[in-house]
1. Charges on Cβ only, +1 for Lys and Arg, -1 for Asp and Glu, centred on the Cα centroid of the protein assembly as shown; of B:Leu99, B:Phe245, A:Tyr89, which one is farthest towards the dipole's positive end?
2. Run the helix sum for chain B: -39,500 (n - 2.57) per DSSP H stretch of 4+ residues, divided by residue count, reported at 222 nm to the nearest 500 deg cm²/dmol.
3. What are the principal axis extents of the Cα atoms in segment B:2-285, in Å, biggest first?
4. I'd like the FRET efficiency for B:Met1 and B:Gln264, computed as 1/(1 + (r/R0)^6) with the beta carbon distance as r and R0 of 35 Å, rounded to 0.05.
5. Give me, ordered by chain and number, the residues 5 or more places off A:Val129 or on other chains with an amide H under 5 Å from its own placed amide H.
6. Can you give the FRET efficiency to the nearest 0.05 for A:Glu277 and A:Gln163, using r as the Cβ-Cβ distance and R₀ = 35 Å?
7. Give the calculated FRET efficiency between B:Glu226 and B:Val94 to the nearest 0.05, with a Förster radius of 51 Å applied to their Cβ-Cβ distance.
8. Could you sort A:123-131, A:288-296 so that the peptide with the highest average Cβ count within 10 Å comes first and the rest follow in order?
Amino acid sequence: MRQAFTKALVKASEKDKSIILLTGDLGFTVLEPFMEKFPKRFFNMGVSEQNMVGVAAGLALSGKKPFVYSIIPFAAMRPFEQIRNDICYQKANVKIVGVGAGLSYALDGPTHHSIIDIAIMRALPNMTVVCPADSIEAGLATKALAEFKGPAYLRLGKSRVPQAHKQNISFEIGKAIEVRKGEDAALIATGEMVSVACDAAESLAEKGIECRVLSMHTIKPLDREAVLKAAKETKLVLSIEEHSVIGGLGSAVTEVLAESDRCVLFERLGVQDRFAEKITDQNGLREENGLTAKQIAEKVLKRIGKQAHR
Amino acid sequence: MAKLVELKKKAAGIRKKIVEMSYKSNASHIGGALSCTDILTVLYFDVMKINPKRPLEKTRDRLVLSKGHAAATLFSILAEKGFFEKKTLEEFHVENGRLWGHPNLGIVPGVEATTGSLGHGLPIGVGMALAGKLDGLNYNVFVVLSDGECEEGSNWEAALSAAHNKLDNLVAIIDYNKWQCFGKTNEVVNLEPLAEKWKAFGFSVKEVNGHNFEELVSTFKEVPFEKGKPSMIIANTVKGKGISFMEDCLEWHYKSPNKEQCRQAFEEIEKQAIPGSKSKEKEKNKIKGESK
């Protein structure tokens, strides 16, 4: 996913000379293709994220298109006020790129987990929030953001992210992608949870339950139509994210549903409101939070199993 | 010489505007607005390459007022320069007005960055200076900081990065009036030795009397002080400068003058605008005493 980002950024930068890449000394073995091709447009700002974001704002105010890269807690949280004032309030044309979405830095511990970033980025006025599902989406999202004017947050997974898409897709910021058709339940997932939701949907299909899977890669602005359509055409809507159940995709979907006239079974699946305690890998942490394909499938069966079989 | 008299008159006019704005809007921070008035006056009326008719010209010098709470100073100078109409100043910090109490990008021309939260201006200035280098444009970026603001870690991050990138088109100025919200800066958190700190961070540093026009004019002429290094001017100033009952007095970080105080302030400012009306020696001693 990270490599797909770099590849797409290099491609966009060939055409667009105003693109600049800043890193807070992270992205070793990831950013080299950009560094080698555009050494004058690459800046390792060192471990100083507040300055990095402020510098990006200054560059943007001078006509550049900076991409700021770090691990999510250091990209989105340490310099939060700089993102709020210098980027969002000034509508500076800066893209914040955070890697290590959700629990991907599992064993590194909760300092490196990224489970509230969507919530805080989504709350910022003028901010667009994009969470690609896999490397295909990451590449397309990077391309789209390079052409997009204004502040945006790109949330990337780490490495070896399973592919959610088996075919070519068309990617548009703010428009959900239907990865799988189905009218029994709708699994609205974001980021790496899209491929997990696909696995859950596949196992449910064997039981005769057809799940729609949506890749809700843009959390803000949210594709309200896709949510309402899912609520109209299916019996159960689940939001699925590797992020806290507070403030992220689940909250965004809840807001749309609660304010609509649709009546549908709904549940938010995500990381519970706590710091991880058990020292385990990403799958282990997902399991603790009910986020494995098996657990998602069980949840669907529990909520609508009998209904669906009728 | 005539130029210095002219600049001094300009500064007096700006001071009167600041007092009037503070009185009418009931805004805080008049003390810190007055302490940086002479610095900003010299910059805008003698040093910076700017054209109010073409406020976004690529080659222009930029000024980021990192101590955004001195917005009244910046706004009155920009209006005086002709970036916008002077009557807009009536809309400062009042209901349904156009100007917030801190500078905002995009509301009136001439403001280069939104500030108000301390520790943001220098990184933004570094970005602007870096862009200048990348584009081969030889403009300067001036960033005006407060002293208390130097307690923000982001400034020191920015300092490292300015020196590392050899940004000799970056000129930072500290309005060193020695006061912050709760008291004397060096009693709240000791900043000294301040010049040595900036030197150690890779800046070429000069100390000046921030109210001595001759010194300010000649110092700004010398930037960059060293090729390949960002410049730092530590300007020793007096909070509330120019108005006897406000000078060096913490409460004017918060208060705004009433009508009678306004009248008195105007009177004092007008007197000072005429050269020789105030003992230069007295002024010098005040600064000296403060910088200890």
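All of the numbers you see were taken from the coordinates with simple rules; none came from a lab. Here the structure is a predicted model, which is why all the values come from computation and not from measurement. All Cβ positions, glycine included, derive from the backbone under ideal geometry; neighbour counts span all protein chains shown.
1. Most positive-ward Cα: B:Leu99.
2. Mean residue ellipticity, 222 nm, calculated: -12500 deg cm²/dmol.
3. Rounded to whole Å, the extents work out to 52, 40, 38 Å.
4. Numbers: r = 30 Å, r/R0 = 0.85.
Computed FRET efficiency for B:Met1 and B:Gln264: 0.75.
5. Amide H to amide H, under 5 Å and 5 or more residues apart or across chains, A:Val129 pairs with A:Tyr153, A:Ile219, A:Lys220.
6. Numbers: r = 31 Å, r/R0 = 0.90.
So, using R0 = 35 Å, E works out to roughly 0.65.
7. On the way: r = 45 Å, r/R0 = 0.88.
Efficiency for this residue pair is about 0.70.
8. Details: A:123-131: 20.8, A:288-296: 19.0.
By packing density, highest mean first, the sequence is A:123-131, A:288-296.
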